[in-house]
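The block underneath contains the structure these notes are about, expressed in structure tokens.
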Amino acid sequence: MTATGPATVPVTAALALGDDALVLSHRLGEWAGHAPVLEEEVALANIALDLLGQARVLLSLAGDEDELAYLREERAFRNLQLVEQPNGDFAHTIARQLYFSTYQHLLYADLAAGDGPFAPLAAKAVKEVAYHRDHAEQWTLRLGDGTETSHERMARACAALWRYTGEMFQPVEGLAADWARLEERWLESVTDVLTRATLALPEGPRTGAWSAGAGRQGLHTEPFGRMLAEMQHLHRSHPGATW
Amino acid sequence: MVTGTALEAELLELAGTVPDPELPVLTLRELGVLRAVRVHGTDAVEVDLTPTYTGCPAIEAMSVDIERVLRAHGMREVTVRTVLSPAWSTDDITPEGREKLREFGIAPPRTRRAAGPVPLPLGPTRTRPTAPNATTATDAGTSAAPYPEPRTEPVRCPHCGSADTELLSRFSSTACKALRRCLGCREPFDHFKEL
């Protein structure tokens with residue numbers, strides 16, 4: 001794909017945004033054939049496709065998209081630890097979507113309003129991500145304010161992923177964003193959705209020593225290596241394969 | 001759109017007749033994805049194409065089809081560039097394009113209100129008893145139905161024209177469509193959702 005971009009693109013930022021999109025796209029793709037209902041099968045695959053499109057543009061700004069996706073080692077990926085977390089049950093996937101798409105939507109809206117190198121992509125993607133965010137919010141409401149079981153599972157999922165949400169607001173080199181303000185708006189929005197879903201805001205720290213650093217620095221959690229092995233296997237076994 | 005020469009105008013029109021690979025009732029001109037055509041020398045041409053969605057896989061088929069048509073018209077070198085800015089919107093679909101979508105059985109996108117999704121209720125499956133004093137959306141002033149669809153212009157059934165339709169899923173056969181059902185004639189249908 002030939003994407004038009006300015007001559008100077010901050011590579012660190014392109015990798016951070018591009019890897020978030022690529023890794024979450026792959027995780028969502030793992031639902032294919034396993035989603036609870038056909039409509040969700042299609043919805044998750046469509047969201048994954050949007051994210052893959054964004055990843056292709058962003059990684060192409062940083063280098064060769066295929067080389068970056070298929071030939072980098074785990075430590076060279078700059079995605080958030082949140083997006084690499086396994087799908088878990090459907091509630092976990094929805095909680096991950098809620099946390100991430102709220103963040104991505106707010107961040108892209110800011111980038112789209114500026115005149116930086118990511119403005120063209122952000123202006124386009126922000127409209128797509130609005131649908132992802134809406135999808136996650138509606139499911140959070142339905143599961144949180146649903147049956148005893150769905151309420152409990154949604155609460156468990158939100159709590160389990162809470163510890164990965166602090167990393168989203170670490171400044172990324174080359175991205176002109178007001179990170180503190182972004183975090184405030186994110187918290188406000190997530191609090192609002194969880195409250196309406198009759199769920200409590202999870203307690204506990206949102207980042208800490210357990211994460212041994214963060215995905216933005218190339219430090220990832222254990223499941224990520226296994227995910228990469230699967231994602232990169234074909235390309236590494238059959239370099240340049242096409243169909 | 002800036003078109004310089006008569007040849008450029010001619011090639012733009014020609015590229016515009018290429019059908020959309022996913023929705024062949026629409027041409028690329030009607031879809032509004034062709035941005036510019038520039039001729040270099042006598043037989044080299046550069047075409048600017050914008051994707052509907054960032055990840056839309058149809059763009060590769062579109063590029064190939066444009067190349068084929070322009071080469072058949074005597075162009076030796078055809079380059080199709082993907083441009084993202086300004087971002088494509090469903091408002092770029094022409095009125096004829098909208099009409100063709102409707103005839104094809106797809107509800108066309110409504111013209112621009114604010115961009116973005118229309119919040120929709122997921123249905124009344126509230127089986128968990130709500131705590132008696134819980135402050136729910138009802139109290140938050142939303143309305144009795146927990147998360148109602150704001151009534152702007154309705155999405156009409158492309159089959160019978162009824163405005164009484166409901167959302168089944170935000171995402172349908174492709175990312176650009178939502179799945180709805182008509183409450184009048186009971187037919188399900190795709191809606192080209194606003195972007």
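General observations
- Averaged over peptide A:145-154, the number of partner chain Cβ atoms lying within 10 Å of each residue's Cβ comes to 3.
- Amide H partners (placed H, <5 Å) of B:Arg35, local residues excluded: B:Asp48, B:Leu49, B:Thr50
- Cysteines of the protein assembly as shown lacking any other cysteine Cβ under 4.7 Å from their own Cβ: A:Cys158, B:Cys56, B:Cys176.
- Residue by residue along A:29-41, Cβ atoms of other protein chains within 10 Å of the local Cβ number 1 on average.
- What the Cβ-Cβ distance of A:Leu234 and B:Thr5 gives, at R0 = 45 Å and to the nearest 0.05, is a FRET efficiency of 0.45.
- Interchain or long-range residues, amide H under 5 Å from B:Thr27's placed H: B:Asp20
- Accessible surface of the range B:36-92, 1.4 Å probe, proportion on carbon and sulfur as whole %: 52
- Sparse-neighbourhood loop sites, GluC sites (Glu not before Pro) in the range A:182-243 - DSSP loop, at most 13 other Cβ within 10 angstrom: A:Glu203
- Residue-averaged [θ]222 nm for chain A, counting only DSSP H segments that reach four residues, each worth -39500 (n - 2.57): -21000 deg cm²/dmol
- Gain in span if fully extended, B:Ala61 to B:His73, counting 0.36 nm per residue against the direct Cα distance: 2.5 nm
- Once the Cα atoms are used to define both axes, helix A:222-237 deviates from the longest principal axis of chain A by about 40 degrees.
- Simple label model, 7 Å out from Cα along Cβ direction - A:Asn87 to B:Thr111, nm: 4.2
- Counting 0.36 nm for each residue step from A:Ala176 to A:Ala32 and taking away their Cα separation leaves a gain of 48.2 nm.
- Here the Debye sum runs over all C-alpha atoms of chain A as equal scatterers in vacuum, and log10 of I(q)/I(0) at q = 0.09, 0.13 Å⁻¹ comes out as -0.36, -0.78.
- With an a/c value of 1.5 or above and a/b not larger than b/c for the gyration tensor axes a ≥ b ≥ c computed over the alpha-carbon atoms, the range A:46-90 is described as oblate.
- For the range B:17-95: accessible area per residue (Å², 1.4 Å): 40
- Within 10 Å of the Cβ of each residue in B:80-88, the mean number of Cβ atoms contributed by other protein chains is 5.
- The simple spin-label model puts a point 7 Å past each Cα toward its Cβ; for A:Arg226 and A:Thr191 those points are separated by 3.6 nm.
- Three-way shape label, the range A:68-134, alpha-carbon gyration tensor, a/c 1.5: oblate
- Looking at the range B:1-79, the trypsin sites (Lys or Arg not before Pro) that sit in a DSSP loop and have at most 16 other Cβ atoms within 10 Å of their own Cβ are B:Arg76.
- Axis of helix A:38-62 versus longest Cα principal axis of chain A: the two differ by about 40°, to the nearest ten degrees.
- Solvent exposure of the range A:104-199 amounts to 37 Å² per residue of accessible area, where only protein heavy atoms count and the probe is 1.4 Å.
- Cα-based shape type of the protein assembly as shown, given that a ≥ b ≥ c are square roots of the gyration tensor eigenvalues and the cut on a/c is 1.5: oblate
- Nearest-ten-degree value, helix A:119-144 long axis tilted from longest Cα axis of chain A: 30
The values are calculated or read from the model by the stated rules, or taken from the named source; none is laboratory data. This structure is a prediction, so every number in the text was calculated from the model and none was measured. All Cβ positions, glycine included, derive from the backbone under ideal geometry; neighbour counts span all protein chains shown. Accessible surface areas use protein heavy atoms only, side chains included; no ligands, DNA or RNA. Shrake-Rupley method; radii C 1.70, N 1.55, O 1.52, S 1.80 Å.
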